Amino acid sequence: MSEQAQHWSRAAEGYEEAFIDPYLPEVRNPLRRAVAKLADRRKTAADLGCGIGPLLPFLAEHFGRVIAVDFADGMLARARERCHGLVNVEFHKGSLTDLPAFTGQVDVAVAVNSLVLPDTAALDAALRAIHGTLRPKGHFLGIVPAIDAVHYFTMLLLDRARLAGMPESKARQNAAHHAEHEYYDFAFGTFRFHGLEQHFWQPFEVRHRLRRAGFRRVRKAKVHLAWQQFGCARDLGDEPPPWDWFFHARR
């Protein structure tokens, strides 16, 4: 098992407490609605980087065959528990850069916060591999974490501190602390936390990388997150919340 797979396996136990949840009722997430429009019990869906499996029961309800892939044993163990009794879900341990076993078998592929490989060459390889799993005119939908949302959150924190009377230098320090800048490399969109490394996406990057991997008709939209997921932001509720990026593309 790779070092990152080990870190993600350890993170599986407390995943809900440590990571932003795009499935909370307060989150405005277009993913389920978009996937439901493609539902067909004759077709195959794949959850690539399934994590602890929050989307798998939904996919199992709408598609005849569901392929769940993750590289971390701990994530797969929790996903299997969640899918107990769902006979049309099959689990596979593996990397998103290596999917030849599913070439041309998938009608709808989904990747939710799993396209976070910090090595961009590996990230591009994963997108090409996912493209290869799809049947002609297959669909690829997903969510990726947004680095521009961190900039937005930082701006709001800076404004809040300035309105409270802090001088500019102190306000910047306060905003950087609460937005956890110490974990980010903003130039390259890298987030490092407790051994985990993730790539955060620029908005222009979504179409650029997907098209380069062979996808067409790429569209994106914001997944508006919930302020309750940001512990230091309770008084920012009158502002639009930060976001992740949703995308929908075709082979």
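The values are calculated or read from the model by the stated rules, or taken from the named source; none is laboratory data. If you're wondering where the values come from, they're calculated on a predicted model, not measured in any experiment. Cβ atoms come from the backbone with ideal geometry, glycine included; neighbour counts cover every protein chain shown.
Just one of (1) within 23 Å of the chain's Cα centre (by Cα); (2) within 23 Å of PHE204 (Cα to Cα) fails for LEU156. It is (1). Counting only residues that are free of Cβ contacts under 8 Å to residues at least 60 places away in the same chain and either over 28 Å from ASP159 (Cβ atoms) or touching a Cys at 6+ places or on another chain (Cβ under 6 Å) (or both), the stretch 174-228 holds 8 of them.
Before we move on, is VAL150 more than 23 Å from CYS232 (Cβ to Cβ), buried (at least 16 other Cβ atoms within 10 Å of the Cβ) and either β-branched (Val, Ile, Thr) or touching a Pro at 6+ places or on another chain (Cβ under 6 Å) (or both)? Answer is no for this residue. Filter the stretch 228-249 for residues that are among the hydrophobic types (A, V, I, L, M, F, W, C) and either surrounded by fewer than 18 Cβ atoms within 10 Å (Cβ to Cβ) or out of contact with any Gly (no Cβ under 8 Å at 6 or more places or on another chain) (or both); which is farthest from ARG33 (Cα to Cα)? Checked the stretch 228-249; the qualifying residue farthest from ARG33 (Cα to Cα) is CYS232.
The listed residues are HIS224, HIS199, and the only one of them that is touching a Ser or Thr at 6+ places or on another chain (Cβ under 7 Å) and either under 15 Å from GLY142 (Cα atoms) or of a type in the set (Val, Ile, Thr) (or both) turns out to be HIS199. Contact annotation: no residue pair with Cβ atoms under 9 Å, 6 or more positions apart or on different chains, pairs a residue in the stretch 155-170 that is part of a loop (DSSP other than H, G, I, E, B) with a partner that is β-branched (Val, Ile, Thr) and surrounded by fewer than 19 Cβ atoms within 10 Å (Cβ to Cβ). Scanning the stretch 101-112 for residues that are touching a residue at least 60 places away in the same chain (Cβ under 8 Å) and crowded, with 18+ Cβ neighbours inside 10 Å, we see that the one that is farthest from THR44 (Cα to Cα) is VAL112. Taking the conditions exactly as written (within 18 Å of VAL66 (Cβ to Cβ) and in contact (Cβ under 8 Å) with a residue 60 or more places away in the chain), does ARG128 satisfy them or not? Judged against the criteria, ARG128 is not a match. Scanning the stretch 156-175 for residues that are surrounded by fewer than 18 Cβ atoms within 10 Å (Cβ to Cβ) and either under 23 Å from TRP245 (Cβ atoms) or among the hydroxyl-bearing types (Ser, Thr, Tyr) (or both) returns a single hit, SER169. Among strands (runs of 3 or more DSSP E) entirely within the stretch 186-251, having at least 2 residues that are more than 14 Å from the chain's Cα centre (by Cα) singles out 190-193, 216-224, 243-250.
Filtered by the rule that a residue be assigned to a loop (DSSP other than H, G, I, E, B), closer than 27 Å to ASP21 by Cα and more than 15 Å from the chain's Cα centre (by Cα), the stretch 96-149 gives THR97, ASP98, LEU99, ASP119.
Just one of the listed residues (VAL89, VAL66) is over 16 Å from THR133 (Cα atoms), at pLDDT 95 or above, touching a helix residue (DSSP H, G or I) at 6+ places or on another chain (Cβ under 7 Å) and of a type in the set (Val, Ile, Thr), namely VAL89. Quickly run through the stretch 42-63 and pick out the residues that are surrounded by fewer than 21 Cβ atoms within 10 Å (Cβ to Cβ) and farther than 20 Å from THR133 by Cβ. Selection gives PRO54, PRO57, GLU61. So, GLY14, is that one farther than 25 Å from VAL218 by Cα, surrounded by fewer than 19 Cβ atoms within 10 Å (Cβ to Cβ) and modelled with pLDDT of 95 or more or not? Here the answer is no, as GLY14 does not meet what is asked.
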